[in-house]
Every structure is written in structure tokens, then in C-alpha cells.
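The block underneath contains the structure these notes are about, expressed in C-alpha cells.
The values are calculated or read from the model by the stated rules, or taken from the named source; none is laboratory data. As the structure is a prediction and not an experimental result, all values here were calculated from the model. Cβ atoms come from the backbone with ideal geometry, glycine included; neighbour counts cover every protein chain shown.
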Amino acid sequence: MNRIAMTRGDKFLLAGLLLIALLSVAVLYGRLSFFPAKTESVQAVITAQGKLVRKIELVEGVKSSFVIRGLGGPSTVETDGARIRMLEAPCSGQICVKEGWIGHPGQTIVCIPGEILIRIEGTAAVDAVTR
């Protein structure tokens, strides 16, 4: 079997590439451990018939439930940590209830018959950076 021998220059090049790779991993690891992701505050804004009913700070470890009076009757809203959902609604389709939990900025739950809107506000986490 023919083997091509590595020259001294090839060995230096390989060692240099390995050193660059190890340094890159070390810098990335250090950067992530010294600068962890910031946790931003997230709020749920609840409106009924176009009027602000309640603003809730969604905080881990805090659970609550309350009733919102909508056009069709009372609806029950539940929070659990940094998420919120429509637990019960008087509408026939129950689409707002089937929506389930939301907790990321920009997500909404809408109950059209009851004219209730739950909107999550806050700053979204960066998922990618492009140039």
C-alpha cells in the first residue's frame, strides 16, 4: 500500500489548524459562560371588546386564574409561570381554548365571539444573526 509521508510543513499546518480549532471552541465556551442569555420580562395584555382589561407580568413559579367578562359571557384565563391560556370560554367553537398555552412575544389567543384578545408582549430572544 502506498503511503504519502507528511512533510515537516504539513505537520506544522495540521498543528496550526488544530490549535485554531481548539482556541475557537475555548473562546466560544468562555463567551457563553461569562455572558449568559438575558431574561427579558414578558407580559400578557388582555383586552375585551377593544378595552384593556389587564396586563400581567408572566413570571416563573407564579400560577393564577381569573375570569374575564366578554361579549358572550365569562371566560376563564389561567397563567402558569411564563405562559398563559384560555381555560374556559362560552363560545361554541372553543378555538381559543384549543389554542393552548402561549408564552412567546408576538403570540396571541383570540376569542372572536367573546371579543377577547390575549397578546404576549416583550422582547423576543435572538435566534440568528446574519450579515
Long-range neighbours under 6 Å by Cβ, at least six apart or interchain, first residue outside any strand (DSSP E or B) within region 44-58, second of a type in the set (Asp, Glu):
GLN49/GLU115
In the list VAL97, VAL67, which residue meets the criterion of being of a type in the set (A, V, I, L, M, F, W, C) and either farther than 11 Å from CYS111 by Cα or not assigned by TED's automatic domain parsing to the domain that holds VAL110 (or both)?
VAL67
Could you check how many residues of region 65-106 are closer than 18 Å to VAL45 by Cβ and in a helix (DSSP H, G or I)?
1
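Only one of these is exposed (fewer than 10 other Cβ atoms within 10 Å of the Cβ) and under 26 Å from the mean Cα position of the chain (by Cα): GLY61, GLY81. Name it. Write out each step before concluding.
Values: GLY81 fails: exposed (fewer than 10 other Cβ atoms within 10 Å of the Cβ).
Of GLY61, GLY81, the one residue that is exposed (fewer than 10 other Cβ atoms within 10 Å of the Cβ) and under 26 Å from the mean Cα position of the chain (by Cα) is GLY61.
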